[in-house]
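Taken together, the values in this text are just the output of simple stated rules run on the coordinates, not laboratory data. No experiment lies behind these values; they were computed from the predicted model shown. For neighbour counting, all protein chains shown are included, and Cβ atoms are generated from backbone atoms with ideal geometry for every residue, glycine included.
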Amino acid sequence: MNDVIKTILNHRSIRSFQSKALTNEQIQTIVASAQAASTSSFVQAYTIIGVSDEEKKEALAVLSGNQAYVAKNGHFFVFCLDLHRLRLAAMYEGMTEDEIYDAFVSTELYTVAVIDTALAAQNAALAAEAMGLGICYIGGVRNNLEEVSRLLQTPDYVVPLFGLCVGYIKHVSGKKPRLPQEAVYHQEVYLAEDKHIAQLAAYNKTISAYYKQRTDGKRTDRWTQQIAKKLKNPQRLYLKSYLQSKKLPLM
Ligand SMILES: Cc1cc2nc3c(=O)[nH]c(=O)nc-3n(C[C@H](O)[C@H](O)[C@H](O)COP(=O)(O)O)c2cc1C
């Protein structure tokens, strides 16, 4: 099998890293890979903030919900949605504040920037994995965005969306089984509901068996159970007001 595909299919999040920093060359390769990703209308609406300062990483680990591996890794990247640079470009071309405001009150532009940031990040993640390193995304940075923004000195129109731990692997995690392909890849039209539910029931068995085997029987939760639990406990409800405070009132 082709090496790129082998790397993609071998993915698992790594949460235990050796205390060995990445070299500048490794960091540059990872960032160059991120930048090579496709970008909607060429807007490149993201910024990546690299964090190697130990104290700052410790602070981010706490702010992200006490996730130790945010501090203990080879390098920590924060992927930020960035409309600030688009604003600078618009001002450079003589657009007025009102014109820029009108353009930025746009759920479409926000969506474009989120997609761009995610595509860049996944390219970075794959590059790191192709170099034999481990990665773990950290949505936990959205637990305390005001403090994270302050720590990283991000201006208005910039939103840290998630972090990415990268480093030399200390402990290899197990590979988590994904949904059956029939559940996520539908031919021609969206899958009929009864067939969809049957796929979920089959997947529940796979996931329960996976947890059972990995925890000596302590965990046997179903995937649907995890999803229902998540939906019953909505997180980060302050996000809308945070975006407004960053001058991104979405319409
Ligand atoms: C945007 C994003 C945010 C995530 N945030 C966290 C996080 O804060 N902490 C963590 O341990 N894992 C985090 N993960 C990793 C997921 O839990 C993981 O990808 C998922 O459980 C599947 O496991 P796998 O990556 O090992 O296949 C995140 C993943 C993504 C894509």
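For region 126-251, the convex hull drawn through the C-alpha positions has a volume of 201 cubic angstrom per residue. If you run the Gaussian network model on the chain, springs between alpha carbon atoms under 10 Å, then out of Leu200, Leu119, Leu152 the most flexible one is Leu200.
Can you compute the helix-only [θ] at 222 nm over the chain? Use -39500 (n - 2.57) per DSSP H run of at least 4 residues, normalise by all residues, nearest 500 deg cm²/dmol.
Values: 11 runs with 121 residues, N = 251.
It lands at -14500 deg cm²/dmol.
By the count of neighbouring beta-carbon atoms within 10 Å, fewest first, Ser149, Ser64 end up ordered Ser149, Ser64. Counting Lys and Arg as +1 and Asp and Glu as -1 over every other residue whose Cβ lies under 11 Å from the Cβ of Lys170, the net charge comes to +3. Listing Met91, Met1 from fewest to most neighbouring C-beta atoms within 10 Å gives Met1, Met91. Report, to the nearest 10°, how far helix 223-232 tilts away from the longest principal axis of the Cα atoms in the chain, using its own Cα long axis and a range of 0 to 90°. For helix 223-232, the angle is close to 40 degrees.
Please label the shape of region 54-192 as rounded, prolate or oblate, based on the square roots a ≥ b ≥ c of the eigenvalues of the alpha-carbon gyration tensor (a/c under 1.5 means rounded; beyond that, a/b larger than b/c means prolate, else oblate). Oblate, since a/c reaches 1.5 and b/c is not below a/b. The simple spin-label model puts a point 7 Å past each Cα toward its Cβ; for Gln35 and Tyr190 those points are separated by 4.0 nm.
Alpha-carbon geometry of the chain: the Rg and the Dmax are 20.1, 64 Å, given in that order.
Out of Tyr110, Tyr238, Tyr46, any idea which swings most in a Gaussian network model of the chain, alpha carbons joined below 10 Å? In the Gaussian network model the winner is Tyr238. Looking at region 115-206, which chymotrypsin sites (Phe, Trp or Tyr not before Pro) are in a loop (DSSP not H, G, I, E or B) and have at most 10 other Cβ atoms within 10 Å? Of the chymotrypsin sites (Phe, Trp or Tyr not before Pro), the ones in loops of region 115-206 whose Cβ has at most 10 other Cβ atoms within 10 Å are Tyr185, Tyr190. With all projection directions averaged, the alpha carbon convex hull of region 1-136 covers 10.2 nm². If R0 is taken as 41 Å, the Cβ-Cβ distance between Ala21 and Arg214 corresponds to a FRET efficiency of 0.85. Counting neighbouring beta carbons within 10 Å and listing from fewest to most, the residues Val112, Val141 come out as Val112, Val141. Extension gain, Gln235 to Ala201: 0.36 nm times the residue separation minus the Cα-Cα distance gives 9.6 nm.
Our Cα-only numbers for region 11-50 put the radius of gyration and Dmax at 13.4, 40 Å.
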